[in-house]
1. Going residue by residue through segment 263-272, is there one that turns out to be surrounded by fewer than 24 Cβ atoms within 10 Å (Cβ to Cβ), within 17 Å of the chain's Cα centre (by Cα) and away from ligand 2 (no atom under 16 Å from the Cβ)?
2. What residue, among those in segment 248-264 that are more than 15 Å from ligand 1 (Cβ to nearest atom) and either part of a helix (DSSP H, G or I) or under 24 Å from Glu193 (Cα atoms) (or both), is modelled with the lowest pLDDT?
3. Of the residues Lys362, Lys295, which single one is of a type in the set (Lys, Arg), part of a loop (DSSP other than H, G, I, E, B) and either closer than 29 Å to Leu95 by Cα or modelled with pLDDT of 95 or more (or both)?
4. Hey, which of the helices (runs of 4 or more DSSP H) in segment 1-90, taking only ones fully inside, have at least 2 residues that are touching a strand residue (DSSP E or B) at 6+ places or on another chain (Cβ under 7 Å) and in contact (Cβ under 8 Å) with a residue 40 or more places away in the chain?
5. Tally up the residues in segment 207-247 that are surrounded by 19 or more Cβ atoms within 10 Å (Cβ to Cβ), within 16 Å of ligand 1 (Cβ to nearest atom) and over 24 Å from Glu167 (Cβ atoms), please.
6. Only one of these is within 17 Å of Gly141 (Cβ to Cβ) and either free of Cβ contacts under 8 Å to residues at least 24 places away in the same chain or not basic (Lys, Arg) (or both): Ile211, Ile174. Name it.
7. Could you tell me which numbered condition Leu111 fails, if it satisfies all but one of (1) more than 15 Å from ligand 1 (Cβ to nearest atom); (2) more than 22 Å from Asn246 (Cα to Cα)?
8. Can you tell me which condition Val283 does not meet? The list is (1) closer than 14 Å to Ala75 by Cβ; (2) hydrophobic (A, V, I, L, M, F, W, C); (3) within 16 Å of ligand 1 (Cβ to nearest atom); (4) out of contact with any strand residue (DSSP E or B) (no Cβ under 8 Å at 6 or more places or on another chain), and all the others hold.
Amino acid sequence: MSKKHSMLILPGDGIGPEAMVEVKKVVAWLTANKGIEFDISEDEVGGAAYDKYGTSLADHTLEKAKEVDAVMFGAVGGPKWDGVEYSLRPEAGLLKLRKELNLFANLRPALCFEPLVDASSLKPELVSGLDIMILRELTGGVYFGEPRGIEELTNGQRRGVNTQVYETYEIHRIGHVAFDLARKRNGKVTSSEKANVMESGLLWREEMELIAKDYPDVEYENMLADNCGMQLVRAPKQFDVIVTDNLFGDMLSDVAAMLTGSLGMLPSASLGEKGKGALYEPVHGSAPDIAGQGKANPIATILSFAMALRYTYDEGDAADLIENAVNEVLANDIRTADINQPGMTLVSTSEMGSHIVDAMEKLSN
Ligand code: IPM
Ligand code: MG
């Protein structure tokens, strides 16, 4: 019998838990029908962990996350915890996981499913066939830079400080991931920064240009981040891999997400050094306004699990099957509320999960 794949499930807050229920359906189907076995543990993270343990990421949860092959993460945050101190907030649990597991490479594919071309806010011809990868640096930059904080000044003013900082090794390791990805995709890397106003951006550009020399077979360009945002909504298909820092990556990946028709569709992978640490999560947040109503779209979470199968568990065929099943369900005009259009069949979170499992069954016969 082949080895069981170990996985820690952290559903989190808001729509995280209900989307994760649908992932478990997919997991159960794969075990029953494809003999792919998982050793699964589950725990709280974010606000749910704060309520249970008094912190958004308990020590024992972090230890477990370090032990397993991959973490499946739902979403964190909600108005309930707005007043909670910064270091204990739901978001802090996620940031700590990224940092402690050294998950410096965040892969955020923006792929337009053909049945959804009309759901995009852009003209169909601009997004039809869109397949880009935002590669976001995830453990550095302004998210973690020191000094940081809010200080009281003697003149009665307050001063908020965050620090954007990158060292060469951080730029190099994410740079190599970008070029390696481009080689397996469409052979182009766009590196995005603000070298015109930020020294850290200038360093980023200079180091990326050096790395590019090692990959003569990959087309390389750099682009100022503001222009990159504009180009993403003007002509997104010019891009293949966009590599950028933590903060610009946060913004540009939300923009790219919207191009595809719905934030509810996009998965992500956060990876450390080869084979060490991996976390998979939907790009969308916890959407507390629709939580618990069966309205959430579970596709991004299910596709995140497909990425885990591909990048961590080496089960590419199962990943293909899930992605094809999602496409099939969408082609049959089955929609959750966020991607619904007139004349289509509106389904709940749970029904969407079941349709995807049914399509997996059908496609494998
Ligand atoms: C994301 C989110 C997070 C981030 C928040 C929840 C801390 O926006 O993953 O894009 O800013 O990185
Ligand atoms: Mg974000």
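The values are calculated or read from the model by the stated rules, or taken from the named source; none is laboratory data. Note that the structure is a prediction, hence the values are computed from the model and not measured. As a convention, Cβ positions derive from the backbone with ideal geometry for all residues, glycine included, and neighbour counts pool all protein chains shown.
1. Looking for residues that are surrounded by fewer than 24 Cβ atoms within 10 Å (Cβ to Cβ), within 17 Å of the chain's Cα centre (by Cα) and away from ligand 2 (no atom under 16 Å from the Cβ), one finds at least one in segment 263-272, hence yes.
2. Step one: list which residues in segment 248-264 are more than 15 Å from ligand 1 (Cβ to nearest atom), which gives 259-262.
If we keep only those that are either part of a helix (DSSP H, G or I) or under 24 Å from Glu193 (Cα atoms) (or both) too, we end up with 259-260.
Values: Leu259: 89, Thr260: 85.
Checked segment 248-264; the qualifying residue modelled with the lowest pLDDT is Thr260.
3. Values: Lys362 fails: part of a loop (DSSP other than H, G, I, E, B).
Of the residues listed, the single one that is of a type in the set (Lys, Arg), part of a loop (DSSP other than H, G, I, E, B) and either closer than 29 Å to Leu95 by Cα or modelled with pLDDT of 95 or more (or both) is Lys295.
4. On the way: elements: 16-34, 47-53, 59-67.
Ranges flagged: 16-34, 59-67.
5. Within segment 207-247, residues that are surrounded by 19 or more Cβ atoms within 10 Å (Cβ to Cβ), within 16 Å of ligand 1 (Cβ to nearest atom) and over 24 Å from Glu167 (Cβ atoms) number 1.
6. Numbers: Ile211 fails: within 17 Å of Gly141 (Cβ to Cβ).
Only one candidate qualifies: Ile174.
7. With (1) more than 15 Å from ligand 1 (Cβ to nearest atom); (2) more than 22 Å from Asn246 (Cα to Cα) applied to Leu111, the lone miss is (2).
8. Of everything listed in (1) closer than 14 Å to Ala75 by Cβ; (2) hydrophobic (A, V, I, L, M, F, W, C); (3) within 16 Å of ligand 1 (Cβ to nearest atom); (4) out of contact with any strand residue (DSSP E or B) (no Cβ under 8 Å at 6 or more places or on another chain), Val283 misses just condition (4).
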